[in-house]
């Protein structure tokens, strides 16, 4: 039997996988390769993000890189979403059209050529990481800058209109269960859980007491995460006796200044991957909050897979999946009360083993790759 060959078009270079969206990209690539798929990879790079790397050659037959074309004119005068039009590149179309293999457009950002006549007879899959226009509307609500708020609302409207381009594709692969009914109106829709880092060591030795801390982590250049960090700094940490660590990529000076004013909060700005893995493993409680229910947060999967106690608010949940794996609280009194209880509750290898059994019933990279293979073979 001949191996499946697959074009994957990615919105970013997925190495290193230091934030949620590219974690799904990277570990999907890795596990499809391990499942025997021969991959032709197409990805975009741009200022301030990951650069072309030899790391991807381990998993791919070929890798093509395209420079994302960022222009203020595109924001103002193009009818297409900026995240889509800035990933238009004739070389991408040429390379996709040079073979007959199926194409996985990994994120709506990559779908500029989705319905191009040169690709009309190809099997086309789309990875839906969010209902993107709802995600952008949520970002707009928490944006302080009037200009950025207007941009996000315009982008949300453009994304809502552009979503109709997904009609008639062979399959849409949803990250979240709650998004299936939305995308099911456009094309055959499948629930393919997010891929995540399953290489990180889990708890294997009794916990060491005396250095317990609460961890919030996420990409600190994303408004949603900044809003969550500010909520912890303004509402939770000042009334809690516990030590907190805020860790993440590209923390702003304003957020860093606020953290520095609180004696029980420490910042780890843009930690290396091994340091981040150690923080996730060693934190006694992961406090993960959001103000918008869009997509699955990959940091939540990493915390459940490799960490100890996990405390979330209900907007972090997906159709009740996480309420059985985490503690849940939605206001300051309940959050601080839960923290007090959890910080004094042991979590060792046996607790880890029980949770991993439940976790694996929902989230498993090998099963995910097999699901995609099954869809490709239909």
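The values are calculated or read from the model by the stated rules, or taken from the named source; none is laboratory data. It should be emphasised that the depicted structure is a prediction, and the values quoted were computed from it without experimental measurement. We place every Cβ from the backbone using ideal geometry, glycine too, and count neighbours over all the protein chains shown.
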>> Restricting to segment 228-267, give me the number of residues that are surrounded by 17 or more Cβ atoms within 10 Å (Cβ to Cβ) and either touching a strand residue (DSSP E or B) at 6+ places or on another chain (Cβ under 6 Å) or modelled with pLDDT under 90 (or both).
In response: 14
>> Name the residue that is modelled with the lowest pLDDT, counting only residues in segment 343-378 that are more than 25 Å from the chain's Cα centre (by Cα) and either surrounded by 14 or more Cβ atoms within 10 Å (Cβ to Cβ) or within 17 Å of residue 103 (Cα to Cα) (or both).
In response: 378
> When only residues in segment 143-168 that are under 19 Å from residue 123 (Cβ atoms) and out of contact with any helix residue (DSSP H, G or I) (no Cβ under 9 Å at 6 or more places or on another chain) count, which is surrounded by the fewest Cβ atoms within 10 Å (Cβ to Cβ)?
Replying inline: 167
> Among the residues of segment 272-290, is there at least one that is closer than 21 Å to residue 227 by Cβ, in the same structural domain as residue 313 (by TED's automatic domain parsing), exposed (fewer than 15 other Cβ atoms within 10 Å of the Cβ) and in contact (Cβ under 8 Å) with a residue 24 or more places away in the chain?
Replying inline: no
> What about residue 157, is it modelled with pLDDT under 95 and either touching a strand residue (DSSP E or B) at 6+ places or on another chain (Cβ under 8 Å) or assigned by TED's automatic domain parsing to the domain that holds residue 117 (or both)?
Replying inline: no
> Which residues, counting only those in segment 115-132, are surrounded by fewer than 21 Cβ atoms within 10 Å (Cβ to Cβ) and assigned to a helix (DSSP H, G or I)?
Replying inline: 117, 118, 119
> Out of all the residues in segment 266-293, which are assigned to a loop (DSSP other than H, G, I, E, B) and more than 19 Å from the chain's Cα centre (by Cα)?
Replying inline: 283, 284
> Given the conditions (1) surrounded by fewer than 21 Cβ atoms within 10 Å (Cβ to Cβ); (2) more than 22 Å from the chain's Cα centre (by Cα), which single one is not true for residue 37?
Replying inline: (1)
> Does segment 65-95 hold any residues that are crowded, with 18+ Cβ neighbours inside 10 Å and in contact with a strand residue (DSSP E or B) (Cβ under 8 Å, 6 or more places away or on another chain), and which are they?
Replying inline: 66, 68, 87, 89, 92
> Where residues in segment 96-112 are in contact with a helix residue (DSSP H, G or I) (Cβ under 8 Å, 6 or more places away or on another chain) and without any contact (Cβ under 8 Å) to a residue 40 or more places away in the chain, which of them is surrounded by the fewest Cβ atoms within 10 Å (Cβ to Cβ)?
Replying inline: 97
> Only one residue in 263, 258 is in the same structural domain as residue 229 (by TED's automatic domain parsing) and part of a loop (DSSP other than H, G, I, E, B), so which one is that?
Replying inline: 263
> Hey, residue 310 hits all of (1) exposed (fewer than 15 other Cβ atoms within 10 Å of the Cβ); (2) modelled with pLDDT of 95 or more; (3) touching a helix residue (DSSP H, G or I) at 6+ places or on another chain (Cβ under 7 Å) but one; which does it fall short on?
Replying inline: (1)
> Restricting the search to segment 116-138, which residues are in contact (Cβ under 8 Å) with a residue 24 or more places away in the chain and out of contact with any strand residue (DSSP E or B) (no Cβ under 9 Å at 6 or more places or on another chain)?
Replying inline: 118, 130, 131, 132, 133, 134, 135, 138
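Would you confirm, using the coordinates I've provided, whether residue 25 is touching a strand residue (DSSP E or B) at 6+ places or on another chain (Cβ under 6 Å), part of a helix (DSSP H, G or I) and not assigned by TED's automatic domain parsing to the domain that holds residue 220?
yes
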